[in-house]
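So the structure is just underneath, and the comments pick up after that.
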Amino acid sequence: MSSFKLVQYLPNLMRKKQSYMRNNSSKIFTSFLYPTLFVAILWVIKLFELAFDYDFFWYGLYPRTIHGLTGIFTAPLLHGSLSHLISNSLPLIVLGAMMFFFYRPIAFQVFFWVYLMTGIWVWAAARSSYHIGASGILYGFVTFLFFSGIFRKDARLMGLSMFVVFLYGGMVWGILPIIKGVSWESHLLGSLAGIITAYNFRKEGPQAKKYDWGSDEENALIDVSGEQHFDSNQTENNNIQINYSLKEDEKPNKS
């Protein structure tokens, strides 16, 4: 590359790099923004309970009752203790940020359906007791992120799936009825909601790259180093003439 071309090329390269960094920083910021706002709402509600010595557990989800229907929408916003809320807060932010970063076009829809399906199923099938907490949504995020990469057959998203397993694979024990006082039904049904949502939205959002190699007829007309090139116009006396052409691979420009 000549010095003149280099002088012209570098400013464009720097502008593109700066634009990419700004866009990426903005995407990271907004990816954390929405999950953090949701968790902030959970903290405001809990701090209100503590400040005024009030307990909102009556607004929890009580299965198969009329008043328990309200809990489909309110139960994930309530937590039994500070330790319960603390244990859910960081995973909700981390997993929510992953979902909004990698699945931004469908993130709000995924959140809505996991939230709604988990609540309805817990109301229909769980034990007769008050169920509160955002753990069902958390389990839905985990299974969505894991199975979505598998359903899409995208190497990058499958790598994300493995990363999620590395971080939160131990949560699988939460879907079993082995800890007293824990709504394992919310965990199990939230996980099922995440799997169904991942399958339902598998054709929306990011997709694996597909390469179109063209038809055999088109490929026969492409000059590649050492390959044959057929020209139908170059025939004489029913003899097909074969032209060989060598094409030097273009080297990338180096700055």
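The values are calculated or read from the model by the stated rules, or taken from the named source; none is laboratory data. Model, not experiment: these values are computed from the prediction. Cβ atoms come from the backbone with ideal geometry, glycine included; neighbour counts cover every protein chain shown.
Residue 115 meets the conditions (1) surrounded by fewer than 22 Cβ atoms within 10 Å (Cβ to Cβ); (2) farther than 20 Å from residue 42 by Cα; (3) not hydrophobic (A, V, I, L, M, F, W, C) in every case but one. The failed one is (2).
Farther than 20 Å from residue 125 by Cβ and surrounded by 14 or more Cβ atoms within 10 Å (Cβ to Cβ): is that true of residue 165 in this structure? Yes.
Residues of segment 173-195 that are among the aliphatic types (A, V, I, L, M) and either more than 14 Å from the chain's Cα centre (by Cα) or not in a helix (DSSP H, G or I) (or both): 175, 176, 178, 179, 182, 188, 189, 192, 193. Residues in segment 122-151 that are surrounded by fewer than 21 Cβ atoms within 10 Å (Cβ to Cβ) and either without any contact (Cβ under 8 Å) to a residue 60 or more places away in the chain or within 14 Å of residue 194 (Cβ to Cβ) (or both): 147, 150, 151.
Residue 22: exposed (fewer than 13 other Cβ atoms within 10 Å of the Cβ) and modelled with pLDDT under 95, yes or no? Answer is yes for this residue.
Among the helices (runs of 4 or more DSSP H) confined to segment 53-172, there are none with at least 2 residues that are not assigned by TED's automatic domain parsing to the domain that holds residue 40. Show the residue pairs meeting these rules: Cβ distance below 8 Å; 6+ apart or different chains; first residue within segment 87-105 and modelled with pLDDT under 95; second residue of a type in the set (Lys, Arg). Listed pairs, sorted by first residue: 101/27; 104/27.
For residue 159, the conditions (1) of a type outside the set (Val, Ile, Thr); (2) farther than 23 Å from residue 76 by Cα; (3) modelled with pLDDT under 85; (4) surrounded by fewer than 17 Cβ atoms within 10 Å (Cβ to Cβ) all hold with the exception of (3). Among the residues of segment 181-217, those that are modelled with pLDDT of 70 or more, over 24 Å from residue 106 (Cα atoms) and among the small types (Gly, Ala, Ser) comprise 181, 183.
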